[in-house]
1. Looking at 105, 99, 117 in this structure, which one is touching a Phe, Trp or Tyr at 6+ places or on another chain (Cβ under 9 Å), over 15 Å from residue 207 (Cα atoms) and either of a type in the set (A, V, I, L, M, F, W, C) or not in a loop (DSSP other than H, G, I, E, B) (or both)?
2. Give all pairs with beta carbons closer than 9 Å in which a residue from the range 70-88 that is under 22 Å from residue 148 (Cβ atoms) and of a type in the set (Ser, Thr, Tyr) meets a residue that is surrounded by 14 or more Cβ atoms within 10 Å (Cβ to Cβ) and at pLDDT 90 or above; count only pairs at least 6 apart in sequence or on separate chains.
3. Could you look through the range 149-172, keep only residues that are part of a helix (DSSP H, G or I) and more than 17 Å from the chain's Cα centre (by Cα), and pick out the one that is farthest from residue 90 (Cα to Cα)?
4. Restrict the check to the range 87-94 and report whether at least one residue is among the basic types (Lys, Arg), at pLDDT below 95 and assigned to a loop (DSSP other than H, G, I, E, B).
5. Pairs needed: first member in the range 29-57, within 20 Å of residue 134 (Cβ to Cβ); second member anywhere, among the acidic types (Asp, Glu); C-beta distance under 7 Å; at least 6 residues apart or different chains.
6. Taking the stated definitions as given, is residue 144 farther than 21 Å from residue 39 by Cβ, of a type outside the set (D, E, K, R) and modelled with pLDDT under 95?
7. Whether any residue in the range 35-46 is among the small types (Gly, Ala, Ser), more than 13 Å from the chain's Cα centre (by Cα) and in a loop (DSSP other than H, G, I, E, B) is what I want to check.
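The values are calculated or read from the model by the stated rules, or taken from the named source; none is laboratory data. Being a predicted model, the structure only gives us computed values, none of them experimental. With ideal geometry, Cβ positions are generated from the backbone for all residues, glycine too; neighbour counts draw on all protein chains shown.
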Amino acid sequence: MNHSVTPCPATVHAIELRQAALYWLAVPDPAQKAAGVRLLAQQWQQGLLALDADHALQAGLTCPIPGRPQRPLLVAPLSVPRRSMANVEGRAVLLHALAHIEFNAINLALDALWRFAGMPAAYYADWLQVAAEEALHFSLLQAHLMSQGFAYGDFPAHDSLWELAEKTQHDVLARIALVPRTMEARGLDASPPMRAKLAQAGDHAAAAILDTILRDEIG
């Protein structure tokens with residue numbers, strides 16, 4: 001099995017799917033990453049990307065993964081701010097938590113794409129679809145936060161999902177089992193009751209975003 005090291009972002013533009021996934025995983029800017037992943041999915045659907053499933057890739061040593069912005073501040077789960085529907089900021093805390101889950105879900109999907117060689121083509125296609133859906137969700141949430149005067153990174157968040165990814169980096173079956181955990185975490189915030197509370201509070205745009213997330217979650 002051949003090995004190759006993929007350089008940091010801004011030094012390579014891959015035309016092979018798994019190399020491209022590693023490239024975008026290392027990009028720290030959330031908006032750039034989300035847009036790039038959605039474009040990557042389009043390129044794959046148009047047949048513009050090759051797939052080398054047998055090639056063992058290695059991340060660049062000077063390029064940490066996942067690429068993440070300096071904010072949000074990562075804290076213990078119990079230190080994450082409480083959420084309230086009583087005011088705009090409280091609802092922003094809720095949507096920020098959901099955006100953080102979606103951002104981590106993008107990284108989890110990209111990591112599953114590049115890290116595990118020797119899988120069927122459908123495995124890579126499925127994870128790419130997941131990454132693209134999460135990228136859409138993140139973009140919708142980020143845009144809505146900005147319309148309310150906030151942005152991703154404004155509130156502390158925890159790192160539990162990526163910590164699980166690190167624990168499963170050598171076991172593809174364990175990584176696949178992370179999917180229900182990710183969905184469970186999202187479900188705490190994107191549940192129908194939460195959607196109803198947002199609508200009741202008058203934030204119909206946020207409720208519509210949760211409709212999209214719930215629709216994609218069901219499949």
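1. 105
2. Pairs that qualify, where the first residue is under 22 Å from residue 148 (Cβ atoms) and of a type in the set (Ser, Thr, Tyr) and the partner is surrounded by 14 or more Cβ atoms within 10 Å (Cβ to Cβ) and at pLDDT 90 or above, are 84/90; 84/91; 84/93; 84/94.
3. Top of the filtered list is 172.
4. Checking the range 87-94: not a single residue is among the basic types (Lys, Arg), at pLDDT below 95 and assigned to a loop (DSSP other than H, G, I, E, B).
5. 49/16
6. On the way: farther than 21 Å from residue 39 by Cβ: yes; of a type outside the set (D, E, K, R): yes; modelled with pLDDT under 95: no.
Criteria not met by residue 144.
7. Within the range 35-46 (the criterion being among the small types (Gly, Ala, Ser), more than 13 Å from the chain's Cα centre (by Cα) and in a loop (DSSP other than H, G, I, E, B)), the answer is no, since none of the residues qualifies.
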